[in-house]
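Asker: If you scroll down you'll find the structure; I have some questions about it.
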Amino acid sequence: MLLIESPHNERFKKLLKLSTDNKFRRKSKLFIIEGLKEIRAALEHNYELEEVYIDDKYKTAFPEKEFDQVSVTILKHDLFSRLVYREDASYILAVLKEPVLDLSQIQLPENPLIIILENIEKPGNLGALLRTCDAVGADAVILSQDHHNFFHPNVIRSSVGTVFSNQIAYAGAEEIKLWCKENNIKVYAAALQTDKFYTDMDYTSGTAFVFGAEDTGLTKFWREAADRIIKIPMLGHNDSLNVSVSAAVLLYEVVRQRGQ
């Protein structure tokens, strides 16, 4: 196995860019995941493995037979540490191809449940949302006008690997609106500008929820494009919940109504 020792090595510089640069990840359609459990989860859901890198400090722990069909490279410990977000939890990382779908590729059952996310600011919130979407059996998660991507290292970590089990896509707001209409999916926007509570609605047919940034909420586009605006009752001093908590409340109402 090749050993990389220099921070000036071109492969290492590419890895560093993949670990820190959202735009580069999106453009290259590659991403890094760290940890054997997470790598196995990605492979279980048919993600395509490009390369594997291991920390030279822990190379004896590497299950070599499991990755005998892929290029494996050893990194000096100080270089490996610059790439990982969880120094105490990982001795292995992998580069994988990003399999994000176009809207036309999303497989929809009858009466689908879709989550649309706009400008979710924190990768940890996006990861928590993906975990909830997996738990309720949502059919797809779509990012609209978002600064983050699904494969930010903190999204992968906080999703506990469920980023790999969800159908995921990126699309513009107009494209999503048209796609929902074509597929008879009613769009509900979670916002404060309404007197309608989420429990007032019927979610037994095709349903999409749109969630926005916690500080600014949804843009005017989605407030106007939604079929209905709904809110969660807030009885204390604060007027909103964490976006991942709000999503969980609404999604489990769908589960309740559908008798799942």
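The values are calculated or read from the model by the stated rules, or taken from the named source; none is laboratory data. Here the structure is a predicted model, which means the values were calculated and not measured. Methodologically, a virtual Cβ is constructed for each residue, glycine included, from the backbone with ideal geometry; neighbour enumeration extends over all protein chains shown.
Asker: At pLDDT 95 or above, under 10 Å from the mean Cα position of the chain (by Cα) and part of a helix (DSSP H, G or I): does that describe residue 130?
Answerer: The answer is yes for residue 130.
Asker: In addition: Answer yes if at least one residue in segment 212-222 is of a type in the set (Val, Ile, Thr) and touching a Phe, Trp or Tyr at 6+ places or on another chain (Cβ under 7 Å), and no otherwise.
Answerer: No: zero hits.
Asker: Follow-up. Exactly one of (1) farther than 16 Å from residue 142 by Cβ; (2) touching a Leu at 6+ places or on another chain (Cβ under 9 Å); (3) at pLDDT 95 or above is unmet by residue 199. Its number?
Answerer: Tallying (1) farther than 16 Å from residue 142 by Cβ; (2) touching a Leu at 6+ places or on another chain (Cβ under 9 Å); (3) at pLDDT 95 or above, residue 199 fails exactly one: (2).
Asker: Another one. Just to be sure, is residue 204 assigned by TED's automatic domain parsing to the domain that holds residue 176, more than 22 Å from the chain's Cα centre (by Cα), in a loop (DSSP other than H, G, I, E, B) and at pLDDT 95 or above?
Answerer: So residue 204 fits the description; yes.
Asker: If you take the residues in segment 1-14 that are touching a Lys or Arg at 6+ places or on another chain (Cβ under 9 Å) and surrounded by 12 or more Cβ atoms within 10 Å (Cβ to Cβ), which one is modelled with the lowest pLDDT?
Answerer: 1
Asker: Name the single residue that is surrounded by the most Cβ atoms within 10 Å (Cβ to Cβ) among those in segment 116-125 being in contact (Cβ under 8 Å) with a residue 60 or more places away in the chain and touching an Asp or Glu at 6+ places or on another chain (Cβ under 9 Å).
Answerer: The qualifying residue surrounded by the most Cβ atoms within 10 Å (Cβ to Cβ) is 117.
Asker: Hey, another quick one. Read through the list (1) at pLDDT below 95; (2) in a helix (DSSP H, G or I); (3) buried (at least 21 other Cβ atoms within 10 Å of the Cβ), then give the number of the only condition that residue 151 fails.
Answerer: For residue 151, the exception is condition (2).
Asker: Related question: Out of segment 32-83, which residues are among the small types (Gly, Ala, Ser) and over 27 Å from the mean Cα position of the chain (by Cα)?
Answerer: Across segment 32-83, the qualifying residue is only 61.
Asker: Is it the case that residue 138 is under 18 Å from the mean Cα position of the chain (by Cα), part of a loop (DSSP other than H, G, I, E, B), modelled with pLDDT of 90 or more and of a type in the set (A, V, I, L, M, F, W, C)?
Answerer: In short, yes.
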